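Please read the structure below before turning to the comments.
The values are calculated or read from the model by the stated rules, or taken from the named source; none is laboratory data. Predicted model, so just to flag it, every value in this text is computed and none were measured. Here the Cβ positions follow ideal geometry from the backbone for every residue, glycine too, while neighbour counts run over all protein chains shown. Heads up: the accessible areas ignore ligands, DNA and RNA and are worked out on the full protein's heavy atoms, side chains in. Shrake-Rupley method; radii C 1.70, N 1.55, O 1.52, S 1.80 Å.
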Amino acid sequence: MPFWVYILMLPFSLAIFGSFSIYHPLSILWTTLFTLFYPLSILLHFIGFGDLFDRVLESFTQLSDSATQISLSYYYLALQIILSFVAIYKKAGMWILLVMSFGVFVYAILSL
């Protein structure tokens, strides 16, 4: 599920913010891990070991923040929105939307 959500939201992210880095695809993994980390972190805080993951979390702040600017036109975004509504009623619309979004992902990776 996180993979498909990421792929379908990427064109919106690029059209609005325009930045892409090598860390973007890793957000799929981070989202999955966060669903385990968050309840575990709350439990650890209750039993007095809330600082157990501090060093790991602090290491994420040391990652480089280099990003590539990728501009996606608002016309493409409008097409994505229209296809999103079509996909509610037609399965073919969903497949076209997935292929287009995956194409944006490949384009973004190759632009790095």
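For the stretch 1-19, the residues whose backbone nitrogen is under 15 Å from a point 7 Å from the Cα of Y38, taken along Cα to Cβ, are 2.
A P(r) calculated from all alpha carbon pairs of the stretch 16-65, with 5 Å bins opening at zero, reads 4, 16, 20, 24, 16, 10, 6, 3, 1 percent.
What's the carbon and sulfur percent of the stretch 72-111's accessible surface, probe 1.4 angstrom, rounded to a whole number? Its accessible area is 80 percent carbon and sulfur atoms. Take every Cα pair under 8 Å whose residues are at least 6 apart in sequence, average their separation, divide by the length of the chain, and the relative contact order is 43 percent. Per residue, the accessible area of the chain comes to 73 Å², computed with a 1.4 Å probe over protein heavy atoms only. For the chain, the equivalent ellipsoid derived from the Cα gyration tensor has semi-axes of 33, 19, 10 Å, listed largest first.
Taking every pair of alpha-carbon atoms in the stretch 72-111, give the share separated by more than 15 Å as a whole percent. Roughly 41 percent, once rounded to a whole number. Between S19 and I70, the built amide H atoms are under 5 Å apart, and every one of these is 5 or more places off in sequence or on another chain.
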